[in-house]
Structures are given as C-alpha cells and as structure tokens.
Amino acid sequence: MPVSLIAQAEGGDSFSFLLPLLLLGALMYFLIIRPQRKRMRRQRELSAALEIGDQVRTIGGLFGVVVGLGDDWVVLGVEDGRIRVQKSAIAGRAGPDNPSDTGS
C-alpha cells in the first residue's frame, strides 16, 4: 500500500478526533469546575457577611457564637471559653434559621 494512502486512511477527519476531547472538557467543567466555583463563591460571601453575634459551625464540627472578627480570622465563644479560627474554617451558620445547612 502506498504511503499516501496509509496517511490518508490514518488521518481521517480531524473533527472526529477533537469532538471527544471537547465533550470531555465540557463534562469536566459542568461536573467539577463549576460546582467548585459556586462553593468558593458561597464561602467568600459567608466570610464577608459574618457579624458579631452570629451562631456558626466550623468544618471541624464546633458550634459557637462570633465574638470577634479580624481580616482573616474569627473569635468564637464556645461553651468553655473562646477559640480563634480562620474565616475559611466556618462551614455555615447554625441555629434556628439554618438547622440543617449542609453547605452543598
């Protein structure tokens, strides 16, 4: 078989090669990248909206009341004292308004 016929048979349509890659890229965007961006945006909004007196829970499962705020940290009043955590460690609001907020 001449070389030109082999190259032509193997080359085929370049669009048929790119289509699965484009579909895989779109699938990854909608299943992985987009939901992660939404979670990050929700976390930033929560961190910016924290106020003293808010009841919150941390990603470690601690519940407390915000008693102090800094640029990137929060002081929580817990049952036996106070602890200081990063704002990114706040998983969500707790209390009667959000009893089952799962963060998803």
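The values are calculated or read from the model by the stated rules, or taken from the named source; none is laboratory data. Predicted, not measured: the structure shown is a model, and the values here were computed from it. Here the Cβ is made from the backbone with ideal geometry for all residues, glycine too, and neighbour counts use every protein chain on show. Quick note on the areas: whole protein, heavy atoms, side chains included, nothing else; ligands and nucleic acids left out. Shrake-Rupley method; radii C 1.70, N 1.55, O 1.52, S 1.80 Å.
Mind listing just one residue for me: the one in the range 17-48 that is hydrophobic (A, V, I, L, M, F, W, C) and within 24 Å of A91 (Cα to Cα) and, of those, least open to solvent (accessible area, probe 1.4 Å)?
We begin by selecting, within the range 17-48, every residue hydrophobic (A, V, I, L, M, F, W, C); these are 17-19, 21-24, 26-28, 30-33, 40, 46, 48.
Filter once more, keeping what is within 24 Å of A91 (Cα to Cα): 30-33, 40, 46, 48.
Working: F30: 121, L31: 118, I32: 99, I33: 74, M40: 95, L46: 27, A48: 88 Å².
In this case the residue turns out to be L46.
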Any hit, the range 58-76, residues being open to solvent by 70 Å² or more (accessible area, probe 1.4 Å), among the acidic types (D, E), at pLDDT below 95 and touching a helix residue (DSSP H, G or I) at 6+ places or on another chain (Cβ under 7 Å): yes
Verdict on L5 being loosely packed, with under 11 Cβ neighbours inside 10 Å, modelled with pLDDT of 95 or more and more than 24 Å from A94 (Cβ to Cβ): no
In the range 42-94, the residues that are out of contact with any strand residue (DSSP E or B) (no Cβ under 6 Å at 6 or more places or on another chain), part of a strand (DSSP E or B) and without any contact (Cβ under 8 Å) to a residue 12 or more places away in the chain: G81
